[in-house]
1. Using a 7 Å offset from Cα along the direction of the beta-carbon, what are the separations from residue B:85 to the same position in each other copy, nm, ascending?
2. Using only alpha carbon pairs under 8 Å that are at least six residues apart, calculate the relative contact order of chain A and give it in whole percent.
3. What net charge do the residues around residue A:238 carry, taking every other residue with its C-beta under 12 Å from that of residue A:238, with Lys and Arg at +1 and Asp and Glu at -1?
4. What is the percent carbon and sulfur in the accessible area of the range A:96-207, measuring with a 1.4 Å probe over the protein chains and ignoring ligands?
5. Considering only A:203, A:260, A:148, whose Cα is most displaced toward the positive end of the charge dipole of chain A, charges sitting on Cβ of Lys, Arg (+1) and Asp, Glu (-1)?
6. For residue B:62, place a label point 7 Å out from Cα along the Cα→Cβ vector, do the same in each other copy, and report the separations in nm, one decimal, smallest first.
7. Semi-axes of the equivalent ellipsoid for the range A:184-266, please: Cα gyration tensor eigenvalues, times 5, square-rooted, ordered largest first, whole Å.
8. Ranked highest first by the average count of other Cβ atoms within 10 Å around their residues, in what order do B:38-48, A:81-91 fall?
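The values are calculated or read from the model by the stated rules, or taken from the named source; none is laboratory data. Just so we're clear, the structure is a prediction, and the values are computed from it rather than from any experiment. Here the Cβ is made from the backbone with ideal geometry for all residues, glycine too, and neighbour counts use every protein chain on show. Side chains are part of the model used for accessible areas, which takes the heavy atoms of the whole protein and leaves out ligands, DNA and RNA. Shrake-Rupley method; radii C 1.70, N 1.55, O 1.52, S 1.80 Å.
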Number of protein chains: 2
Amino acid sequence: MNDAPIGIFDSGIGGLTVARAIYERLPSERTIYFGDTARVPYGPKSPETVRRYSREILDWLLGQGVKAVVVACNTSTAHALEALRAASPVPVLGVIEPGSRAAVAAAPRGSIGVIGTAGTIASDAYGRAIRSLRPDATVVQQPCPLLVPLVEEGWFEHPASRLVAEEYLGPMRAARVEALVLGCTHYPLLKPLLAEVMGPGVTLVDSAEETARALAEVLAESGLAAPGGGPGTHRFVVSDDQPRFLQVGSRFLGERLTEAELVAVG
Amino acid sequence: MNDAPIGIFDSGIGGLTVARAIYERLPSERTIYFGDTARVPYGPKSPETVRRYSREILDWLLGQGVKAVVVACNTSTAHALEALRAASPVPVLGVIEPGSRAAVAAAPRGSIGVIGTAGTIASDAYGRAIRSLRPDATVVQQPCPLLVPLVEEGWFEHPASRLVAEEYLGPMRAARVEALVLGCTHYPLLKPLLAEVMGPGVTLVDSAEETARALAEVLAESGLAAPGGGPGTHRFVVSDDQPRFLQVGSRFLGERLTEAELVAVG
């Protein structure tokens, strides 16, 4: 038993979909969410820069006494997870392994599609994780840089969003993928639209839920779970622009966000 | 006469449209272009953060011995121009005053529309500049966060881009603006599409050309123009991800970009 908080971090707002899944699965845990809103987005940045930023946030979270860290950002997981694990005295979980496991379970024989930011797709982190679980898997990957700004505009059902999704998902449909990994924390908000464009018979894999499940396992196995009883408290910290984080973040969290602290890192 | 280089800076790639206009108008001048690709975009960042980043770049350019600085970024001009002018021993020009002057000339009586990033529009920098020139002007402003990623995807004529433009420009058309200021350096690449959506009788104002004209005036008036003769040389410096800058930047510059140096600021 350990009542220290869990650290969750993301390049900005999107990781709140992962935080939300963690709150639901582990309601007694305290958490600290760090959104690097001063330096968002990580998607188009170089691997070295993403690693440096991620390391700075890890150090800040460790300074807050966290007992585990969830990298709730696909780009950061893709470029920095190994380096963070090597540097951290507490367990560090990413979103790519859990999402890949769920994809392989949903598509034991067929092709698997992966959509994400330019950085995540270029890293081939999902491709490698999926093939390590199922060496014969055909993985079809597509960077979708327009989906994040569409989500942040709140255009979940806009005709423009549909045209963009049709353009990006064309290769996935042609390849008849059995599962589609939503490899960016913003994408779950477009799930109904993406499901419609993909058509029936395709499982959409949302890494957030899979990551929360993996975290619950790690905490249980290593004796780090909170004693339970009361509900956990949730602290939010950002590196810039609290008003926008509170406004847009509420949409991601599915409940009203009222308070975020400002902390400079780097 | 002064053969020192001119410094041009932007949050990333978009300022190359301004650089291009400067090369065309002032072919004998040497220039150094700084693209802050590690910290792009500035649009959603807070005014304080944009001022801090802009100041760091100004200091770097001054260290290179520039004789004048062009802030080729609307967001940076909106939030930081005054602070940069106060701190700089050499002239500092922004893109908002020149663009506003051209808009007022194109719409001496009618309403004026302005489109830009969230930060530029929230600052009301164009509104203030336009009203200082024409106090009775009605200024209709609209943040267009999706246009930058559409340009960076190269979807200049894509049906999705048309739907997005129609959504954003609806209020401009309803207000029957006489001039529309393209208040972001990415937007000139969408000029044909935006012109079509706005319909005939609306002048699209591209700040890049107006800024180059203003720079030529400042150099001539203050005796800072290059002696002329040979063609100027152009140096490109970025804070991250040279390959993407070279690839996407060529589209903005209208010619092939082959070399960019990497420099860390901040």
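1. Its label point is 5.5 nm from the equivalent points in the other copies.
2. On the way: 528 pairs, mean separation 75.7, N = 266.
Computed value for chain A: 28 percent relative contact order.
3. On the way: positive: A:39, A:235, A:244, B:45; negative: A:10, A:36, A:240, A:241, A:259, A:261.
Net local charge, residue A:238 excluded: -2.
4. Numbers: 2230 of 4190 Å².
The computed percentage sits at 53.
5. A:203
6. Nearest to farthest, the other copies are at 3.8 nm.
7. On the way: eigenvalues 147, 109, 30 Å².
Gyration-tensor ellipsoid for the range A:184-266: 27, 23, 12 Å.
8. Values: B:38-48: 22.3, A:81-91: 15.2.
So the peptides B:38-48, A:81-91, ranked by packing, come out B:38-48, A:81-91.
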